[in-house]
Amino acid sequence: MASLPPKHRLQQGSADAVGGSDTHHDRPRGIMRWVLTTNHKEIGTLYLLFSLLMFMIGGVFALVVRAELFQPGLQLVQPEFFNQMTTMHGLIMVFGAVMPAFVGLANWMVPLQIGAPDMALPRLNNFSFWLLPVAFTLLLSTLIMPGGAPNFGWTFYAPLSTTYAPPSTTYFILSLHIAGISSILGAINIIATILNLRAPGMRLMDMTLFVWTWLITAFLLIAVMPVLAGVVTMMLMDINFGTSFFNAAGGGDPVLFQHLFWFFGHPEVYIMILPAFGIVSVIIPTFARKRLFGYASMVYATASIAILSFMVWAHHMFVVGLPLVAELFFMYSTMLIAVPTGVKVFNWIATLFRGSITFEPAMLFAIAFVVLFTIGGFSGLMLAISPADFQYHDTYFVVAHFHYVLVPGAIFSIMAAVYYWLPKWTGHYPHLRLSQWHFWLSIIGVNLTFFPMHFSGLAGMPRRIPDYSLQFADFNMISSVGAFMFGLSQLLFVVIVFMCVRGGKKAPAKAWDGAEDLEWTVPSPAPLHTFEHPPQYRPVEH
Amino acid sequence: MRKRHVWMTAGMLLAALSSHTLAAEWNMPIGVTDVSREIYSLHMTIFWICVVIGVVVFGAMFYSLFRYRRSKGAEAAHFHEHTMVEVIWTAVPLLILVGMAIPATATLKKMYDASEADLDVMITGQQWRWHYSYLGEDVEFTSNLGTPREQITGDGERSEHYLLEVDEPLVLPVGKKVRLLLTSDDVIHSWWVPDLAVKQDAVPSFVNENWVRINEPGIYRGQCAELCGKDHAFMPVVVEAVEPEAFEAWLAERKAAAEAEASGVDREWALDELMERGEQVYGSICASCHQPDGSGLPPSFPALAGNQALMDDSALHIDTVVNGVAGTAMPAFSTTLNPVELAAVITYERNAWGNDTGEAIQPADIAEMMAE
């Protein structure tokens with residue numbers, strides 16, 4: 001590759017040189033192979049498949065919501081069930097789809113990108129995955145319980161989620177506890193792996209941005225998941241043991257719930273976006289065939305976002321009756337987050353500038369990520385302006401905002417990652433034409449769904465309502481059409497992944513000519529065991 | 001020549017788009033208070049700042065994507081950092097943000113100054129209606145959804161203000177500073193009228209403060225903005241702003257009506273009379289949970305039809321309605337309904353849907369019980 005920048009850190013090696021092998025000792029077969037596996041690649045695959053399943057289930061719930069909202073009036077479902085659908089959609093997508101997908105990617109790619117033979121704590125890794133099916137079976141089972149599933153929104157504000165909640169809420173609390181334990185254990189594992197198992201010679205500032213963002217994300221997880229566990233435990237006590245943490249009649253404070261929830265909740269939204277930044281920062285240089293611009297500033301920006309994320313939680317509570325000083329503090333701190341986030345976007349564009357760009361499916365999703373995430377960032381900046389938030393708060397404008405950062409943000413980055421690494425996982429390239437179809441259908445669907453929500457929100461439509469007044473009808477109809485288009489095109493994604501596992505154009509070890517990270521030195525598909533002998537890593541100058 | 005044509009078309013498109021964007025159904029309303037105008041102008045300022053940044057950023061991005069395609073023979077450059085550039089694109093956004101924060105701070109300070117109000121109104125959220133009380137004026141009432149249930153579940157014609165209409169609007173005087181005190185009897189609600197740029201959470205057992213000075217008479221519609229249970233979509237807010245003289249007249253009329261209602265407590269009511277009144281009250285207050293046919297939505301909302309425990313024990317029935325049931329969704333109605341309404345609705349529940357106890361609960365008895 002004549003056009004390649006001189007960035008070869010590694011002597012390209014054969015599988016033997018980097019210690020790849022498929023041979024191993026006696027292993028359980030069939031289902032027990034998956035139940036008992038301690039291999040980071042197999043566990044990564046389990047996480048990704050689980051996340052895909054949850055994405056489909058959460059998607060069906062979203063389509064129930066959009067079908068009901070297709071036109072004014074109550075046609076398909078009753079308000080009680082509608083509220084269960086919005087709640088379950090949010091919970092499943094956040095805790096069941098996006099977070100496990102990123103953990104799955106970390107499982108697969110962190111060891112490969114740092115030259116480690118596996119995760120640092122393989123048995124713990126197995127345990128943290130298998131907690132998830134337990135947690136989500138429990139959560140989904142609430143749908144068939146008397147009184148129905150949780151119906152108070154994914155933010156489950158007290159006292160709607162305590163005194164006024166359906167009996168199934170206790171199961172919901174238990175399932176969040178289990179999912180939370182899974183996240184914390186996963187985060188500990190990732191930190192231990194990154195800090196201890198890097199290839200000899202690889203400094204922290206030599207790691208890929210994906211590894212860096214995950215390291216920072218893992219610290220966020222460890223910091224805030226216990227807060228979530230605390231707040232749901234307080235709910236548990238209020239519901240079952242007569243305490244009054246959030247019950248004003250007993251001396252408690254419903255607003256305390258919101259402070260605790262958002263102290264978890266705001267870092268949580270960065271947990272769902274920082275790894276996405278990492279993925280995009282790896283993919284764009286590959287297909288621009290140019291080193292990432294401003295590597296160090298990217299790392300510092302990620303760290304600043306993570307630190308700031310602890311200081312902005314009450315911007316979710318601007319209309320709850322905060323004192324003026326608090327409003328001002330949280331407005332300023334929230335606006336400040338735009339600075340490091342802007343730096344990231346500028347760096348991506350500077351990476352593209354004077355590159356040698358091609359548009360493989362992974363790159364298409366990464367570019368869409370940069371554009372649409374930035375749009376989500378703009379609406380986020382608008383929402384940060386506290387006086388204006390008195391109008392935006394709890395409307396579809398907010399729904400538009402966070403879906404822009406989560407769907408064409410987090411989820412597009414996950415799809416970009418899947419298209420980028422599928423050749424490494426399966427040894428085959430995903431079907432090009434179908435992948436392009438999937439991209440274009442997704443991007444049109446996603447914008448058709450969420451862009452009109454900006455308008456319906458500004459025009460005055462509150463979120464979480466099953467029926468609306470007539471002036472919002474057109475916007476909702478467009479959103480619903482877009483949602484079905486987006487939802488159905490994800491079936492194509494499933495087909496593409498399935499086909500890619502079964503066969504397709506063979507991929508070499510270095511599946512993309514501009515890819516420079518360690519994972520591309522092991523064969524495709526990556527053998528079960530890689531880097532049994534640490535690779536020789538030669539740092540580049542930054 | 002052709003290039004110019006393209007630019008003109010693009011310009012016209014942009015103009016058309018922006019005038020469309022400013023149309024009322026597409027954008028935040030400018031509203032009818034000084035604060036709402038300031039908020040609107042903040043909103044448009046930050047919006048246009050975002051548009052300009054967007055044009056620059058996406059322009060640079062798409063230029064790079066088109067200009068440096070490998071298919072057009074682009075070869076990658078080797079640069080990968082530049083400290084000065086990094087400093088500039090950290091500092092410039094920071095300055096823009098400071099410029100934005102200054103007017104936002106000024107507006108926020110104004111919004112927080114609820115002092116020296118001409119009138120105080122207490123707004124209480126209840127699942128799923130608003131209760132308004134004019135403090136110091138002895139006038140209070142409940143404002144329920146005005147749209148008939150058939151319109152919501154049926155396929156028929158829907159009224160112009162479908163779901164944004166109430167039986168009794170909040171009447172406020174134009175040009176006066178009205179302080180709004182918000183609280184809730186059950187879960188958190190949020191009282192929102194876009195034209196007044198007031199959105200404030202109503203939190204149980206806490207009182208929040210906001211204020212409004214309406215500049216133009218008119219009817220302004222909004223709704224609850226915080227998820228508050230199954231009928232969250234069905235608790236609209238309607239504010240009718242009238243001239244101060246008309247407001248005084250309205251207030252006097254309400255006071256007279258309240259006195260007339262109070263005198264009804266002392267007389268003996270016939271069963272039919274109570275049933276008729278009770279059916280109205282039940283329809284607007286109770287039916288959303290316990291259902292129009294009394295079947296309820298177990299387990300959250302028990303059935304009333306054939307509820308033997310209640311029918312056998314009228315004291316328990318009265319206590320349940322008047323004082324509520326702690327730890328459940330059943331609120332105390334002693335503050336929402338007057339003794340006549342309470343007696344009527346309890347009588348109705350004891351005689352409708354085949355309950356047929358034949359008992360007429362008298363307003364005087366309820367009043368006596370509440371006095372104790």
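Please treat every number below as a calculation from the coordinates, not as lab data. Small disclaimer: the values here were computed from a predicted structure and weren't measured. As a convention, Cβ positions derive from the backbone with ideal geometry for all residues, glycine included, and neighbour counts pool all protein chains shown.
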Practice task
Normalise the Cα radius of gyration of the stretch A:257-387 by 2.2 N^0.38 Å (N = residues in it) and let me know the number.
Solution key: 1.17
Practice task
Mind putting a number on the dipole of chain B about its Cα centre? Charges go on the C-beta only, +1 for Lys and Arg and -1 for Asp and Glu, and I need it in Debye to the nearest 20.
Solution key: 3760 debye
Fill in the blank from the handout: Taking every residue of A:360-372, the Cβ atoms of other protein chains inside 10 Å of its Cβ average out to 1
Handout entry: Relative counts (whole %) of C-alpha pair distances in chain A, using bins that are 10 Å wide
Key = 4, 18, 29, 28, 15, 6, 1, 0
Completion exercise
Taking only the alpha-carbon atoms of the stretch A:208-320, the convex hull volume per residue, in cubic angstrom, is 104 Å³
Handout entry: Extension gain from B:A262 to B:H82, taking 0.36 nm per residue of separation minus the Cα-Cα distance
Key = 56.8 nm
Completion exercise
For the stretch B:267-371 the mean separation of alpha carbon contacts under 8 Å (6+ apart) over residue count, i.e. relative contact order in percent, is 33 percent
Exercise for the section: Return the average number of partner chain Cβ atoms within 10 angstrom of each residue Cβ along peptide B:59-69. Expected result: 6
Fill in the blank from the handout: Expressed as a whole-number percentage, the relative contact order of chain B with C-alpha contacts under 8 angstrom and at least six residues apart is 13 percent
Handout entry: For the stretch A:470-542, diffusion coefficient by Stokes-Einstein and Kirkwood Rh (Cα), 37 °C, 0.692 mPa s, µm²/s
Key = 194 µm²/s
Handout entry: At q = 0.13, 0.30 Å⁻¹, base-10 log of I(q)/I(0) for the stretch A:228-272 (Debye sum, equal scatterers on each alpha carbon)
Key = -0.30, -1.02
Exercise for the section: Would you mind telling me which residue in B:L337, B:L163, B:L316 has the biggest mean-square fluctuation in a Gaussian network model of chain B, where springs connect alpha carbons within a distance under 10 angstrom? Expected result: B:L316
Practice task
Return, for the Cα atoms of chain B, the radius of gyration and Dmax in Å, separated by a comma.
Solution key: 28.5, 97
Exercise for the section: With just the Cα atoms of the stretch A:115-202, tell me how far they stretch along each of the three principal axes, in Å, largest first. Expected result: 57, 22, 13
Practice task
Starting from the exponent 0.38 and prefactor 2.2 Å, build the expected Rg for the stretch B:324-363 from its residue count and divide its actual Cα Rg by it.
Solution key: 1.29
Handout entry: Beta bridge orientation in the protein assembly as shown: antiparallel %, DSSP, nearest 5
Key = 70 percent
Fill in the blank from the handout: Computed for the protein assembly as shown: size of charge dipole around the Cα centre, +1 on C-beta of each Lys and Arg, -1 on C-beta of each Asp and Glu, debye to nearest 20, value 7240 debye
Completion exercise
Partner shielding of A:157-166, as the mean number of partner chain Cβ atoms within 10 Å, equals 5
Fill in the blank from the handout: Expressed as a whole-number percentage, the relative contact order of the stretch B:282-329 with C-alpha contacts under 8 angstrom and at least six residues apart is 21 percent
Exercise for the section: Taking every pair of Cα atoms in the stretch A:411-542, average 1/r, invert it to obtain the Kirkwood radius, and report Rg/Rh to two decimals. Expected result: 1.18
Completion exercise
Loop-resident chymotrypsin sites (Phe, Trp or Tyr not before Pro) in the stretch A:163-244 with no more than 11 other Cβ atoms inside 10 Å, DSSP not H/G/I/E/B, are A:F241
Practice task
Find the all-direction average of the projected area of the Cα convex hull for the stretch B:267-371, expressing the result in square nanometres with one decimal place.
Solution key: 6.0 nm²
Problem - Dimensions (Å) - the stretch B:255-316, Cα atoms, principal axes, largest first - result: 42, 24, 19
Exercise for the section: If a/c stays under 1.5 just call it rounded; otherwise compare a/b with b/c (prolate if a/b is bigger, oblate if not). Do that for the stretch A:326-399, with a ≥ b ≥ c from the square roots of the Cα gyration tensor eigenvalues. Expected result: oblate
Handout entry: Using alpha carbons only: equivalent-ellipsoid semi-axes of the protein assembly as shown, gyration tensor based, whole Å
Key = 55, 32, 23
Completion exercise
Bounding extents of the stretch B:204-341 in its principal axis frame from Cα atoms, largest first in Å, are 55, 41, 27
Exercise for the section: Calculate one ³J(HN,Hα) per residue across the stretch B:323-329 by plugging θ = phi - 60° into the Karplus curve 6.51 cos²θ - 1.76 cosθ + 1.60, and present them in order as whole Hz with x for glycine and proline. Expected result: 9, x, 10, 4, x, 10, 7
Exercise for the section: Estimate the FRET efficiency between B:D138 and A:T243 by the formula 1/(1 + (r/R0)^6), using the beta-carbon distance for r and 56 Å for R0, to the nearest 0.05. Expected result: 0.90
Practice task
Have a look at B:S314, B:S300, B:S133 and tell me which one the Gaussian network model of chain B (Cα, springs below 10 Å) gives the largest fluctuation.
Solution key: B:S300
Handout entry: Amide proton proximity set for B:W211, modelled H, under 5 Å, gap of 5+
Key = B:L180
